[in-house]
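Below: the structure, in structure tokens.
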Number of protein chains: 4
Amino acid sequence: MAGSSFGTLFRFTTWGESHGPAIGVVVDGVPPRIPLAESDIQQWLDKRRPGQSRYTTQRQEPDLVKILSGTFDGQTTGTPVSLMIENVDQRSRDYSNVADRFRPGHADYTYWKKYGIRDYRGGGRASARETASRVAAGAVARKVLGPAITIRGALVQVGPHAIDRAAWDWAQVAQNPFWCPDAGTAARWADYIDEVRKAGSSAGAIIEVVASGVPVGLGEPVYDKLDGDLARAMMTINAVKAVEIGAGFAAAALSGEENSDEMRMQDGKVTFLSNNAGGILGGISTGQDIVVRFAVKPTSSILRAMRTVDSEGNDTEIEMHGRHDPCVGIRAVPVGEAMMACVLADHLLRYLAIGGDP
Amino acid sequence: MAGSSFGTLFRFTTWGESHGPAIGVVVDGVPPRIPLAESDIQQWLDKRRPGQSRYTTQRQEPDLVKILSGTFDGQTTGTPVSLMIENVDQRSRDYSNVADRFRPGHADYTYWKKYGIRDYRGGGRASARETASRVAAGAVARKVLGPAITIRGALVQVGPHAIDRAAWDWAQVAQNPFWCPDAGTAARWADYIDEVRKAGSSAGAIIEVVASGVPVGLGEPVYDKLDGDLARAMMTINAVKAVEIGAGFAAAALSGEENSDEMRMQDGKVTFLSNNAGGILGGISTGQDIVVRFAVKPTSSILRAMRTVDSEGNDTEIEMHGRHDPCVGIRAVPVGEAMMACVLADHLLRYLAIGGDP
Amino acid sequence: MAGSSFGTLFRFTTWGESHGPAIGVVVDGVPPRIPLAESDIQQWLDKRRPGQSRYTTQRQEPDLVKILSGTFDGQTTGTPVSLMIENVDQRSRDYSNVADRFRPGHADYTYWKKYGIRDYRGGGRASARETASRVAAGAVARKVLGPAITIRGALVQVGPHAIDRAAWDWAQVAQNPFWCPDAGTAARWADYIDEVRKAGSSAGAIIEVVASGVPVGLGEPVYDKLDGDLARAMMTINAVKAVEIGAGFAAAALSGEENSDEMRMQDGKVTFLSNNAGGILGGISTGQDIVVRFAVKPTSSILRAMRTVDSEGNDTEIEMHGRHDPCVGIRAVPVGEAMMACVLADHLLRYLAIGGDP
Amino acid sequence: MAGSSFGTLFRFTTWGESHGPAIGVVVDGVPPRIPLAESDIQQWLDKRRPGQSRYTTQRQEPDLVKILSGTFDGQTTGTPVSLMIENVDQRSRDYSNVADRFRPGHADYTYWKKYGIRDYRGGGRASARETASRVAAGAVARKVLGPAITIRGALVQVGPHAIDRAAWDWAQVAQNPFWCPDAGTAARWADYIDEVRKAGSSAGAIIEVVASGVPVGLGEPVYDKLDGDLARAMMTINAVKAVEIGAGFAAAALSGEENSDEMRMQDGKVTFLSNNAGGILGGISTGQDIVVRFAVKPTSSILRAMRTVDSEGNDTEIEMHGRHDPCVGIRAVPVGEAMMACVLADHLLRYLAIGGDP
């Protein structure tokens, strides 16, 4: 299929299945002489790692990353950086439940129809485990972007419960297991997700990722616009069904006056009086914060019987047991950050190519 | 920038500015022996053409397309199809108003900062005029898809006014100047947009595009997923700020039970009991309708003074006059259809490449 | 087929058939603010133009290029540069001779088998007329490279007659109709090609293209090596059957001592004592002259009957009449130069992307 | 640099340095349901493996390949196939000799100038060790091509000593350590290479790779022509300086009559009376054998002092010791075969995409 790569100049390729021996990513196009150690990557993987609270899956994976190529004396050399993460907790279990039946809402049916074969163990290639590779690539991308650009993500809605945006405090994100920027809402989510978990049900979520310090000029009109690439980047994350930039869908209901971000000079710099554009105009970064939101559907793996069909074409039911993830959206936050970093790194290099001096 | 192409196997490249001599598109990767005449393309361009009602811009462009290569005896030959549309109504006018000042909400500032030069006449390359090339490419894509796959678009919200989905009737779309599938709402929009127009203001909109008859199996996990490519395709259309598939953002508020599309056999075929997935699971088409929605912001060209800066770094104001488009979202409907067609054509070819028999 | 594009960042896409209304090229990725006028391109097209001496085809084409997009006030804007050349001398003639029979040595048979349809007029897409688009793209590439990099080509062999390399004088190239750097050999070729022409036969040729002033560092190991891209670039020119860099095939017979280009410092700069490498080591430019040679086969259109088959599967004969090109290799010189320019421009931009300061 | 990938639909990405922990390749785009075991790949790696005769380097590498992803129950699943080969014999040694001095004829100087850093141990990324990854990818490509297409390589010249083509016998290739198809020449080469080895010198070589059973129709004009991709594929192999197809450079000296491959029907099939085209016309396979030759320069690592410079800009000398490879061209045979397989697999899939039925 040759669909496992992302990016043009900063380009990564992921591989691996949920229950194979390992997963990994080859990051090509990393500029040389950037300090890069395994710890630079591990810190981000640790944020995504499963099993860290009762609100996410209990699969235990240390997610230890190894750098197999591309560095020398602690610096990148300009050659491909190959990263590998061994799969440790592939429980030996009975897969007869899922081998021939398609879990609704999962990729089981489509992979089977498309390929005529599928690795049904833990979702195979379609497992969210693949996102660890994205986080690893994103860690390298952050090093390419350098310290002047910061990328932060937060969970802004769980099920029907949105945060109070007036109470937004980035410092809160690290203080609760939800990446919630609003302490009051975090407490309510804890109760809500516990309920969902006990009911064997699941909840969707909305994630917001913000990049600050991005220079003006990133994005290549008209098909490699920065927002186009971000939309693709986020939509390819498992279970994502929607992406918006800045005011997003709400912009449809605004008037031209309300939506236009007027400009003034301030301290010798161009300043925008609002950011409905989410930091992107005409597909090119404006220098404002880049603001992306995406929705993650509730996982389809719930602990109750669902109607489905089997690979022989019979009506049947399927019921999932065991490890259960009440809100997969939580762990999507670091993944969204990583994809933002990768898109920006790629466009930073592309901008340099035409003489950009960001 | 090399960002003017879209697609992998069915790949098109657009060129041209709003006020240059012409615009066009080279469509490469068209399979051979497909009947293709200029009229096959013209019919879709006519739907997008400006100046057809008082609700859109009054620029008069016949948008007559010429096929310059790639066909022989009325059929495609497998070589690149070059299509050209001359620009006719480039009013000679005074551009001093916009030459040195940046229209808020437009790409003026970002193009100027990125490239250090910009064609300020009518928006240059960032003009929505470029979307005529997309529509032309989409017409070719429809021929590649064949008659079994139908792609239809509709406007489902203008400003704050959404349609009544219960009243959805595809036959209505051609009966009003808004592509509105609900006759009652269409009448209300007429009044609303007239008001907006007279006030010199503008309104946003939401478009829904539906593809029916798409076989199971299109989409290349994990970075060339069908939904990822659709998200990029739609987000790169001028003024689009949000894209969603199926239940989209609303999925975040659903429970796993509500969101999962259960399956049953019906007449020997797999049937889904709902379509929250919007026809895509794991990045691959399910055989259900593919449903995409995207939001278009209100155009930033409104007939009142706005605060801005000039290229010398001074605070100033800008006021637009002349032709005015109160709701650019209307003409985005055929563009969204075209992008859907192009994405599907590309993935159809990619599926054939691995032996798919859709 | 989607095979009509070349390059990654400096990327061009050609279109058009020999006997269609026009041919052209879209050059994407051109950096902004480069002065570019039609005359900058026309001067190179004039060198490739047919009908300038009795040694090449007598087709009369003015090959006047039009810039349709991508410039403003005489400078590039960073948007795609669309160039078009109208076909003028498509003689109305009887094609029944070639419509159903395959000319040996031409692409007739393979196009027909691959696509099931072919534009048989003048070779269609497979005509060397396509190379005018390459020359146009190459003219833009030269502007990207700037005046410090010079690219020159010469014919070094016609049929079995090679030049005397000791007599090489670049100034001679413009003094004869063969791009021959050796005056004595040029005179001999004139006689030889006249004989070939009168006999209705044809002669092959070898072209050498040299780029001087190329900075160290261009080329992206290991699959986008500079020599790999040059090999592809030259081999895709019509009728080319071989490409070599530096010592090329002759290197096979050298010893390691003879072949190694030793190094010394000279005036504070690294200097090589020979250039068997042809200016490329490990796929990266060394700063020496880049030297590429390629062989063009004798055109298969000769004025005598040849055995062939027809599209119905019958043995038959075919005999060509009319315009005849005794040595197509002559006009390949500016085409080889153009492809060299395009490859270097692409790699220059790619090098800038990783912080290169050539 | 993002230059570590090859192919469009059958696309592989290699990674790894000579003296890192491992090297590897991710093969993306492999169609599903193809039987694939490690032994299918190992058999080809064993042919390339170093240390098998006294005529090649004495580095001892078992080159054991592991499949880390992309198969299930012994078949490919359509997901990326990740292959890894551990480096075993990275001798701990003193690199001070090469750390700051540039070996003439190697990539030391260009990597250092381009990246400002280089892994000098064993050539780093520029080592021929990378070709093991190519061979692994090629083994997968052969499975994609199926048994009807056979790819065979042979050494046809060592130093100045060419084989006697009249004595060509494919069965001989496996009977000597040189892949020589002519027993008499093989004996002479043994003496010659022993001399070269004892003298601490090195010899170049010419390799010929032939693919039989290739259907008509592979290759995508005009920039992704089959011969263009083959030229790039071979030229990117370490130390290759020249590539030719069919008659190659010799075609320049032929007349049109001699060079044209006339056609006749034979047993209901189109047959060519010669194969100067090397199985490719207009960039598309003709159904004849595809014949490619490429030249490998003598390795620059010879056991005598050579003049060079150091990274501080001083004149100096360098002398190599230890393991020595008198004719690197020998081990390039399986690498050339692998690249042929990869190019054909990619184009087979691309042909299927437009409805080709090879």
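Being within 8 Å of chain A (Cβ to nearest Cβ) and over 17 Å from the mean Cα position of the chain (by Cα): is that true of B:Asp182 here?
Criteria not met by B:Asp182.
Any chance the range A:287-295 includes a residue that's more than 7 Å from every other protein chain (Cβ to nearest Cβ), surrounded by fewer than 24 Cβ atoms within 10 Å (Cβ to Cβ), part of a loop (DSSP other than H, G, I, E, B) and of a type outside the set (D, E, K, R)?
Within the range A:287-295, one or more residues are more than 7 Å from every other protein chain (Cβ to nearest Cβ), surrounded by fewer than 24 Cβ atoms within 10 Å (Cβ to Cβ), part of a loop (DSSP other than H, G, I, E, B) and of a type outside the set (D, E, K, R).
Identify, by number, the condition in (1) hydroxyl-bearing (Ser, Thr, Tyr); (2) surrounded by fewer than 19 Cβ atoms within 10 Å (Cβ to Cβ); (3) farther than 30 Å from A:Arg197 by Cα that B:Ser301 doesn't meet.
Here B:Ser301 meets the rest and fails (2).
May I ask you to list the residues in the range A:142-166 that are over 25 Å from A:Val328 (Cβ atoms) and either among the β-branched types (Val, Ile, Thr) or free of Cβ contacts under 8 Å to residues at least 60 places away in the same chain (or both)?
A:Val144, A:Gly146, A:Pro147, A:Ile149, A:Thr150, A:Ala166 - these are the residues of the range A:142-166 that are over 25 Å from A:Val328 (Cβ atoms) and either among the β-branched types (Val, Ile, Thr) or free of Cβ contacts under 8 Å to residues at least 60 places away in the same chain (or both).
Among the numbered conditions (1) touching a Gly at 6+ places or on another chain (Cβ under 7 Å); (2) within 9 Å of chain B (Cβ to nearest Cβ); (3) not in a loop (DSSP other than H, G, I, E, B), tell me where A:Val333 comes up short.
(2)
Here are some residues: A:Ile207, A:Ile193. Which one is buried (at least 23 other Cβ atoms within 10 Å of the Cβ), assigned to a strand (DSSP E or B) and modelled with pLDDT of 95 or more?
Result of the check over A:Ile207, A:Ile193: A:Ile207.
Hey, any hits in the range B:312-327 for a residue that's in contact with an Asp or Glu (Cβ under 8 Å, 6 or more places away or on another chain), over 30 Å from B:Tyr95 (Cβ atoms) and either assigned to a loop (DSSP other than H, G, I, E, B) or at pLDDT 95 or above (or both)?
The answer is no; no qualifying residue exists.
Can you find a residue in the range A:30-44 that is of a type in the set (Asp, Glu) and at pLDDT below 95?
Checked against the condition, which is being of a type in the set (Asp, Glu) and at pLDDT below 95, the range A:30-44 yields no hits at all.
Would you tally the residues in the range D:125-138 being touching a Phe, Trp or Tyr at 6+ places or on another chain (Cβ under 7 Å) and either facing chain C (nearest Cβ under 9 Å) or at pLDDT below 95 (or both)?
Residues flagged as touching a Phe, Trp or Tyr at 6+ places or on another chain (Cβ under 7 Å) and either facing chain C (nearest Cβ under 9 Å) or at pLDDT below 95 (or both) within the range D:125-138 amount to 1.
Where residues in the range A:224-235 are buried (at least 24 other Cβ atoms within 10 Å of the Cβ) and either facing chain B (nearest Cβ under 7 Å) or hydroxyl-bearing (Ser, Thr, Tyr) (or both), which of them is farthest from A:Leu9 (Cα to Cα)?
Step by step, filter the range A:224-235, then rank; the result is A:Met235.
Taking the options D:Met263, D:Met320, name whichever one is surrounded by fewer than 24 Cβ atoms within 10 Å (Cβ to Cβ) and among the aliphatic types (A, V, I, L, M).
It is D:Met320.
Yes or no: C:Phe10 hydrophobic (A, V, I, L, M, F, W, C) and out of contact with any strand residue (DSSP E or B) (no Cβ under 9 Å at 6 or more places or on another chain)?
no
Could you please find all residues in the range C:105-122 being assigned to a helix (DSSP H, G or I) and β-branched (Val, Ile, Thr)?
If the condition is that a residue be assigned to a helix (DSSP H, G or I) and β-branched (Val, Ile, Thr), then C:Thr110 is the only one that fits.
Which condition number in (1) small (Gly, Ala, Ser); (2) in contact with a strand residue (DSSP E or B) (Cβ under 7 Å, 6 or more places away or on another chain); (3) outside any loop (DSSP other than H, G, I, E, B) is the one that B:Gly217 fails?
All conditions pass for B:Gly217, except number (3).
Pull up the range D:14-64, narrow it to residues that are hydroxyl-bearing (Ser, Thr, Tyr) and not in a helix (DSSP H, G or I), then point me to the one that is farthest from the other protein chains (Cβ to nearest Cβ).
D:Ser53
Let me confirm something: among B:Ile149, B:Ile163, which residue is under 30 Å from B:Leu36 (Cα atoms) and more than 7 Å from every other protein chain (Cβ to nearest Cβ)?
Only one candidate qualifies: B:Ile149.
Quick check: anything in the range D:151-161 out of contact with any Lys or Arg (no Cβ under 6 Å at 6 or more places or on another chain), aliphatic (A, V, I, L, M) and part of a helix (DSSP H, G or I)?
no
A quick yes/no check of all residues on (1) in contact with a Pro (Cβ under 7 Å, 6 or more places away or on another chain); (2) farther than 25 Å from B:Pro80 by Cβ; (3) among the small types (Gly, Ala, Ser); (4) touching a residue at least 40 places away in the same chain (Cβ under 8 Å):
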residue: D:Asp289; (1), (2), (3), (4): no, yes, no, yes
residue: D:Phe294; (1), (2), (3), (4): no, yes, no, yes
residue: D:Ser300; (1), (2), (3), (4): yes, yes, yes, yes
residue: D:Ala305; (1), (2), (3), (4): no, yes, yes, no
residue: D:Asp315; (1), (2), (3), (4): no, yes, no, no
residue: D:Val328; (1), (2), (3), (4): no, yes, no, yes
residue: D:Glu337; (1), (2), (3), (4): no, yes, no, yes
residue: D:Leu348; (1), (2), (3), (4): yes, no, no, yes
residue: D:Ile354; (1), (2), (3), (4): yes, no, no, no
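Taking the range B:98-118 as the search range and keeping residues that are surrounded by fewer than 24 Cβ atoms within 10 Å (Cβ to Cβ), more than 26 Å from B:Arg49 (Cα to Cα) and touching an Asp or Glu at 6+ places or on another chain (Cβ under 8 Å), which one is modelled with the lowest pLDDT?
Selected residue: B:Asp100.
I'm told C:Gly200 meets every condition in (1) within 30 Å of C:Gly122 (Cβ to Cβ); (2) within 11 Å of another protein chain (Cβ to nearest Cβ); (3) crowded, with 22+ Cβ neighbours inside 10 Å except one. Can you identify the failing condition by its number?
(3)
Does A:Leu273 satisfy being surrounded by fewer than 18 Cβ atoms within 10 Å (Cβ to Cβ), within 9 Å of chain B (Cβ to nearest Cβ), within 28 Å of B:Pro160 (Cβ to Cβ) and hydrophobic (A, V, I, L, M, F, W, C)?
Criteria met by A:Leu273.
Give all pairs with beta carbons closer than 6 Å in which a residue from the range D:230-246 that is at positive phi and assigned to a strand (DSSP E or B) meets a residue that is aliphatic (A, V, I, L, M) and at pLDDT below 95; count only pairs at least 6 apart in sequence or on separate chains.
So the pair list comes out empty.
Which condition from (1) under 30 Å from C:Ala205 (Cα atoms); (2) modelled with pLDDT of 95 or more is the one that D:Ser260 breaks?
Here D:Ser260 clears every test but (2).
Please find, within the range A:289-334, the residue that is nearest to the chain's Cα centre (by Cα) out of those that are under 25 Å from A:Ile237 (Cα atoms) and among the polar types (S, T, N, Q).
Filtering first and then ranking leaves A:Thr299.
Between a first residue in the range A:1-13 that is among the aliphatic types (A, V, I, L, M) and a second residue that is surrounded by 24 or more Cβ atoms within 10 Å (Cβ to Cβ) and at pLDDT below 95, which pairs have beta carbons less than 6 Å apart while being 6 or more apart in sequence or on different chains?
A:Leu9/C:Ala353; A:Leu9/D:Ala2
Pick from C:Gly282, C:Gly256: which is under 28 Å from the mean Cα position of the chain (by Cα), under 18 Å from D:Arg103 (Cα atoms) and surrounded by 24 or more Cβ atoms within 10 Å (Cβ to Cβ)?
After ruling out the rest, the residue left standing is C:Gly282.
Could you list, in sequence order, the residues of the range C:210-223 that are more than 7 Å from every other protein chain (Cβ to nearest Cβ) and surrounded by 24 or more Cβ atoms within 10 Å (Cβ to Cβ)?
C:Ala211, C:Val214, C:Leu218, C:Gly219, listed by residue number.
The values are calculated or read from the model by the stated rules, or taken from the named source; none is laboratory data. In this text, all values refer to a predicted model and were calculated from it rather than measured experimentally. When we count neighbours, we look across all protein chains shown, and the Cβ atoms used for this are built from the backbone with ideal geometry, even at glycine.
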